[in-house]
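The values are calculated or read from the model by the stated rules, or taken from the named source; none is laboratory data. All values derive from a computational prediction rather than experimental measurement. Heads up, the Cβs are rebuilt from the backbone with ideal geometry, glycines too, and the neighbour counts pull from every protein chain shown.
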Amino acid sequence: MTTQVSIPAAIDVEELSISFPLYHGNARSLKKTVLSTVTGRMAADSRNRVVVEALRGIDLKLRPGDRLALVGGNGAGKTTLLRALAGIYEPVAGRMRVQGSLNALLDPNLGMNPELTGRENIVLRGLFFGLDKQAIAGLAEDVAAFAELTDFLDLPVRIYSSGMIVRLGFALATAVRPQVLLMDEWFLAGDAAFMEKARVRLENLVRGVEILVLSSHMADVVQQWCTRAIWMDQGRIRADGPPDEVLEQYLGHPVRVPPAT
Amino acid sequence: MTASSHLQPSEHASLDLSANQRWSERHRSAWRDVREGLAQWPLVWTLAWLDIRLRYRGSLLGPFWLTLSTGAMVGAMGFLYAVLFRLELRDYIPFLALSLVLWNFLAALVGDSCVAFTSNEGMIRSVRMPFTLYAARIVVRNLVVLAHNAVVVLVVYLLLWSWPGATALLAIPGLVLWLVTALAVALLLGAICARLHDIPPIVASVMQMAFFISAVIWKPEQLAEREWVMVFNPFFCLLEVVRGPLIGVVPSALIAAAAAGYAVTLCGVAWVVFARVRGRIAFWL
């Protein structure tokens, strides 16, 4: 069912740190302002610039079959870690290696242009995925069928209902199965009617990938889908282990056993 | 039911990123970026073409509005300046048409380059793509505009029957030089402007000044014996290696060498800057 790809997927992260320089405005006064809000995450780098340390000394090793959940409060560094794994933010310190094809579901409307028609958006995304003409035709068919666009496919996305836009975005993002799938939590939110269908498609996708890294607030999803969880706090790994244990530490109370599926 | 038809991404990417790269590694990463960006030419072409289409969606003439407005500009300015400069109309109009069309390309390219990365913030922060892709998109988009505007020049040549002859072929090496330099400029300005937000207004005013001092609407011959100072104007030299042959003038060896020198310098600076900051651009957006 899975691929003919020979190299198994792998993620190796060693001592990874990511920090954001604060260039804009007056760094000195900004320093004071931000210091009072983001305690303990501010530092000055070697050239005395003010930086926000988004990730600090992350070590991580994932192999095929691993399903990792990232839990933690807002601003704990979950999304930054996903972006770093996707190669969007390059390491400021340490090293990061990802082997195998990768898809990051970070932005629901990635590259979607409201002025273009549904079909044009599909072609554009297909090109972004590096697909050839034939594969793009297949992509258009698959996405159109899932998103139930039919007559709207050749009309600008601008006139779509919001539900149609969500379906199109979701169908597009989940149409390609990579070896490594990175997913942000927004992906699990959506209107109820669409949710059931989306969930089936997403579970299918997740089952087919070799490595999954999921950032989520939803305890039941973490328990059902993941084999390992990491609690991120202030850019560091605070706890790492089986989902039940980590969730219990993070939430401060034992989690209920998920209903059998 | 549809879920089983998942497609595979065509290439298997593998990433190996580390901090504190040595220069040799930086060069390799930058080179890989350029190579991979250019390898995506179908995407570059589609993005560039869509940019143009979107700008004129719903308009009757579409991109030919550009042609029309350039034509009107040439008509309006041509007669006035021919009188002001006491130049032969038949001689001056083709020169002006060509000059304006080429200069519009250069100016728009430089202007767009300033927002090469900042205007793609959403994309850059959600998917790893070669930065060269965004730079190439700007170059190709402006080439499409240039192709539309070229109609004005052809019409003027046709009306005044002033074809440049075989000398025009000499513009080809000039155009190749432009293409390479244009990509370098887009990468350089794109990166610098992402980091320093004061640069775009400076670039805009430099380009405006350059328009007046680079013999776009006046002829370099009007400087008479002081024409040689133009060799110190990079804009003029780069403009002249393409414009000269297209109005039947072979650029002097000095101008051609100067243009090549400026282009190589620009590409060199762009390369060093890009190799140095490539990994940081995403943090600046």
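A few remarks follow.
- The listed residues are A:Arg167, A:Arg177, and the only one of them that is of a type in the set (Lys, Arg), crowded, with 18+ Cβ neighbours inside 10 Å, touching a residue at least 24 places away in the same chain (Cβ under 8 Å) and more than 9 Å from chain B (Cβ to nearest Cβ) turns out to be A:Arg167.
- Wholly within segment A:11-86, strands (runs of 3 or more DSSP E) carrying at least 3 residues that are at pLDDT 90 or above: A:50-62, A:67-71
- Scanning segment A:140-149 for residues that are over 22 Å from A:Asp184 (Cβ atoms) and at the interface with chain B (Cβ under 7 Å from one of its Cβ atoms) gives A:Asp142, A:Ala145.
A quick yes/no check of all residues on (1) assigned to a loop (DSSP other than H, G, I, E, B); (2) basic (Lys, Arg); (3) over 23 Å from A:Arg199 (Cβ atoms); (4) out of contact with any helix residue (DSSP H, G or I) (no Cβ under 9 Å at 6 or more places or on another chain):
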{"residue": "A:Leu110", "(1), (2), (3), (4)": "yes, no, no, no"}
{"residue": "A:Glu115", "(1), (2), (3), (4)": "yes, no, yes, no"}
{"residue": "A:Gly130", "(1), (2), (3), (4)": "yes, no, yes, no"}
{"residue": "A:Leu139", "(1), (2), (3), (4)": "no, no, no, no"}
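- Of all residues in segment A:87-108, those satisfying the criterion of being within 20 Å of A:Leu205 (Cβ to Cβ) and in a loop (DSSP other than H, G, I, E, B) are A:Gly100, A:Ser101, A:Leu106, A:Asp107, A:Pro108.
- Filter pass, B:Arg86 being within 14 Å of chain A (Cβ to nearest Cβ) and either touching a Leu at 6+ places or on another chain (Cβ under 9 Å) or part of a loop (DSSP other than H, G, I, E, B) (or both): no
- Filtering A:Leu85, A:Leu106, A:Leu110, A:Leu131 for residues that are touching a Leu at 6+ places or on another chain (Cβ under 9 Å), under 18 Å from B:Met129 (Cα atoms) and more than 7 Å from chain B (Cβ to nearest Cβ) leaves a single hit, A:Leu85.
- Qualifying residue in segment A:183-195 (condition: of a type outside the set (D, E, K, R) and modelled with pLDDT of 85 or more): yes
Residue-by-condition table, conditions (1) modelled with pLDDT under 95; (2) within 23 Å of B:Arg53 (Cα to Cα):
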position: B:Leu84; (1), (2): yes, no
position: B:Tyr92; (1), (2): yes, no
position: B:Phe95; (1), (2): yes, no
position: B:Leu106; (1), (2): no, yes
position: B:Glu121; (1), (2): yes, yes
position: B:Ser126; (1), (2): yes, no
position: B:Pro130; (1), (2): yes, no
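- Per the listing B:Ala260, B:Ala275, B:Ala282, the residue uniquely assigned to a helix (DSSP H, G or I) and more than 14 Å from chain A (Cβ to nearest Cβ) is B:Ala260.
- Some residue of segment B:122-130 being within 18 Å of the chain's Cα centre (by Cα) and assigned to a helix (DSSP H, G or I): no
- In segment B:149-198, the residues that are among the charged types (D, E, K, R) and touching a residue at least 12 places away in the same chain (Cβ under 8 Å): B:Arg195
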